[in-house]
Amino acid sequence: MVSKSGPADQISGEDVRRTIGEIWRQVLRVEKLGDRDNFFELGGHSLTASQIISRIERTLHVEVPMGEFFERPTVEQLTEFVLRYLGHEGSAQA
């Protein structure tokens with residue numbers, strides 16, 4: 001179930017992308033991260049996915065189902081999912 005509340009629907013697409021990227025960097029403990037780097041190729045697994053999902057929910061107030069996360073294994077794809085949910089049109093550049 002995806003839930004929505006709070007001010008996250010008022011932030012820009014670029015802010016959402018940066019926030020998700022920073023969460024990934026912290027959880028995966030990587031310094032450099034491209035928007036199209038694959039979560040699994042960076043060493044991600046179900047436990048780190050759960051940590052990322054939890055932090056996204058706390059920070060952006062969007063619950064990302066695990067299945068959705070695994071179908072979108074890049075920051076770019078996950079950002080687009082979050083932005084669509086928040087009602088932003090277009091891509092992560094919104």
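The values are calculated or read from the model by the stated rules, or taken from the named source; none is laboratory data. Small disclaimer: the values here were computed from a predicted structure and weren't measured. Neighbour counts are summed over all protein chains in view; Cβ atoms, including those assigned to glycine, are modelled from backbone coordinates with ideal geometry. Note: accessible area is taken over every heavy atom of the protein model, side chains too, but ligands, DNA and RNA are not part of it. Shrake-Rupley method; radii C 1.70, N 1.55, O 1.52, S 1.80 Å.
Points worth noting:
- Total residues in the range 16-36, condition more than 17 Å from Val82 (Cβ to Cβ) and either among the hydroxyl-bearing types (Ser, Thr, Tyr) or open to solvent by less than 60 Å² (accessible area, probe 1.4 Å) (or both): 3
- In the set Val64, Val30, only one residue is of a type in the set (A, V, I, L, M), modelled with pLDDT of 95 or more, under 14 Å from Val16 (Cβ atoms) and assigned to a loop (DSSP other than H, G, I, E, B); that residue is Val64.
- Subset of the range 40-61 that is touching a helix residue (DSSP H, G or I) at 6+ places or on another chain (Cβ under 7 Å) and not in a helix (DSSP H, G or I) - its residue that is modelled with the lowest pLDDT: His61
- Scanning the range 67-94 for residues that are open to solvent by less than 50 Å² (accessible area, probe 1.4 Å), modelled with pLDDT under 95 and polar (S, T, N, Q) gives a single hit, Ser91.
- Subset tally (residues that are touching a strand residue (DSSP E or B) at 6+ places or on another chain (Cβ under 8 Å) and over 14 Å from Arg17 (Cα atoms)) for the range 44-61: 1
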